[in-house]
Amino acid sequence: MKIVTGLLAAGLLLAGVVSSHALVRISEDRGGRIGTYVEKYRDLRSSGESVMIDGLCASACTIVLGQLPPERICVTSRANLGFHAAWDYGPNGRSITNPEATQFLYSMYPGNIRRWIMQRGGLKPQMIFLRGRALTSMYKPCFMDAQAQAPRTLRR
């Protein structure tokens, strides 16, 4: 009888998770081309899904902050956001900062993120990280047990 009751409770819990809004997990995403991420997050925004940041979200990955409303973003204790200037490959194969792309990237961030970046000297070639208390003061914590038994991971 205990097994049947346990299975019934597990089934009801899973049914509740499936019927609630989907939750997309971002973790260990080092970024990539800005345009690819703008497109991906535009689709995510229109889907109505929420995002759990649960690990590294760096470079173009951080565009999610400007593409989704803050109430649809939560962060875990492992969340770590990395910001830097946009760059291109130069004629000799080395990376060179792209000021126009950097400004475009910066303009996509919400005001609280732009202020945080400016307090650290702006977007530069070196990565700056937003995590811990500073991050949780800007975004709500994820309630992992209640929200996401098995969130889907966002792929590039």
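What follows is calculated from the coordinates using simple rules that are stated; it is not laboratory data. Every value quoted in this text rests on a predicted model; they were computed, and no experiment measured them. As a convention, Cβ positions derive from the backbone with ideal geometry for all residues, glycine included, and neighbour counts pool all protein chains shown.
A few remarks follow.
- The gain in end-to-end length when the MET118 to TRP87 segment is fully stretched comes to 9.3 nm, 0.36 nm per residue minus the alpha carbon separation.
- Take the Cβ atoms of PHE143 and PHE104, set R0 to 41 Å, and the FRET efficiency comes out at 0.75.
- Sparse-neighbour loop sites [GluC sites (Glu not before Pro); segment 16-87; at most 13 other C-beta within 10 Å; DSSP]: GLU28
- For segment 32-139: relative contact order, % (alpha-carbon pairs under 8 angstrom, 6 or more apart): 27 percent
- Amide H to amide H, with H built 1.01 Å from N, VAL24 comes under 5 Å of SER50, VAL51, MET52, counting only residues 5 or more places away or on other chains.
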